[in-house]
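Readers should treat all values here as calculations from the given coordinates under stated rules, not as data from a laboratory. Just so it is clear, the structure is predicted and the values come from calculations on it, not from any experiment. Don't worry about glycine lacking a Cβ; one is built from the backbone with ideal geometry, like all the others, and counts go over all protein chains shown.
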């Protein structure tokens, strides 16, 4: 299988499913653990720690706005890292993104709060969040492509979903660490305990780094167009595909980050304590890990577009049931609601890496899929929690958030239908298309 824009080959090392999962899934899990624990902290404590001079709800808005700045850097990370990933290979870029993410996460864990250094605290918080965003933007495409480009012909969807499983694992790990920390601290994360997940995240990066340093080395082979810049060529030859991938990513990331962050802060606002809210998120993440590869495998059988449409429609309908379910203030009902949300999110999360990557030939795949996906992630995920919180403040009715989520699912469905179906195509046919 080809693995870079210079159409490289691995150096004779057999790439197994286990090895691919360690590189693609576990590496992404640790990196997204770092990226997503910020979202958990933003929903639980950052309003008090970094924006203490405003109303708590407004402080949460500010914290989510700072959370969104990480998404501003994701397209830049996707474009720059994607370019070099297409030119010099996936391996060095995946090592770079992991180190960068670990550094910024560790730095946030040591960051003084507003009470200590005043306005510099939120300024530095945003700076490190931007660095996190750059790393995450370059991470996703390379990790997904390592799975897709080394997969057996009839299992590209499944192997591509190792990255989706990694995101779920990272979320589960992040929520689990936060829940355990909250329980040990007696529900009080504000004083000191909130730092522990960030310190642990910086240290855990070493595990992913070992896996990626042992990736099969790539041997570059000359291409037919050695002077072509992938970023320029993708816009010249495939603007429609990039826009459609952007739309799919916008829809998916909006709903995913409503699930990852807004749902958490919403539970806290209606009477659940932080530990109960985090237990709901554990249910969401655990089910997501299982559902993503299951539906990715289904996309290998019935087609990627059909699975995406099923997921988009199912989520649009379920959002109107979610808020009444958690509104019962029953932890059992809330856990069930989060589990269903995780199941349905996995329907779209599983096939997205392969659906996006297979729209482009190998020589510009890292650049193109990263650019489309990360711009969509910035527009969707970067604004989702802020918009959802704003809607709740303005309308005082959570169903406004359900309408918002259903509308972005419509975007996902329409853009998925506009992409070409690739599950039946060979790698050679995709690269020639």
Spin-label pair residue 232/residue 329, simplified geometry with 7 Å Cα→Cβ offset, distance in nm = 6.3
Would you order 366, 32 from fewest to most other beta-carbon atoms within 10 Å of each residue's own beta-carbon?
-> 32, 366
Under the rule of -39500 (n - 2.57) per DSSP H run of 4 or more residues, summed and divided by the residues of the chain, what mean residue ellipticity at 222 nm is obtained, to the nearest 500 deg cm²/dmol?
-> -25000 deg cm²/dmol
Compute the acute angle (0 to 90°) between the alpha-carbon long axis of helix 27-44 and the principal axis of greatest extent of the alpha-carbon atoms of the chain; round to the nearest 10°.
-> 20
What residue among 316, 292, 29 shows peak mean-square fluctuation when the chain is described by a Gaussian network model with Cα springs under 10 Å?
-> 316
Expected max-MSF residue from 252, 33, 272 in the GNM of the chain (alpha carbon, under 10 Å) is 272
Tilt, helix 120-148 to longest principal axis of the chain (alpha-carbon atoms), in degrees rounded to tens, equals 40
What's the angle, to the nearest 10 degrees (0 to 90), between helix 331-349's Cα axis and the longest principal axis of the chain?
-> 20
Global geometry of the range 313-396, whether rounded, prolate or oblate, following the gyration tensor of its Cα atoms and the 1.5 cut on a/c | oblate
May I ask you to sort 140, 194, 199 by Cβ crowding, counting other Cβ atoms within 10 Å and putting the fewest first?
-> 199, 194, 140
The chain: most fluctuating residue of 392, 209, 412 per GNM, C-alpha cutoff 10 Å = 392
Using only alpha carbon pairs under 8 Å that are at least six residues apart, calculate the relative contact order of the chain and give it in whole percent.
-> 27
Shape of the chain from its Cα gyration tensor (a ≥ b ≥ c, root eigenvalues): rounded if a/c is under 1.5, otherwise prolate when a/b > b/c, or oblate?
-> prolate
Rel. contact order, % - alpha carbon contacts under 8 angstrom, at least six apart, the range 248-343 | 41
Which residues in the range 268-307 have a backbone N closer than 19 Å to a point placed 7 Å from the Cα of residue 180 along the Cα-to-Cβ line?
-> 274-287, 289
Cβ density ranking, 10 Å radius, fewest first, applied to 424, 83 yields 424, 83
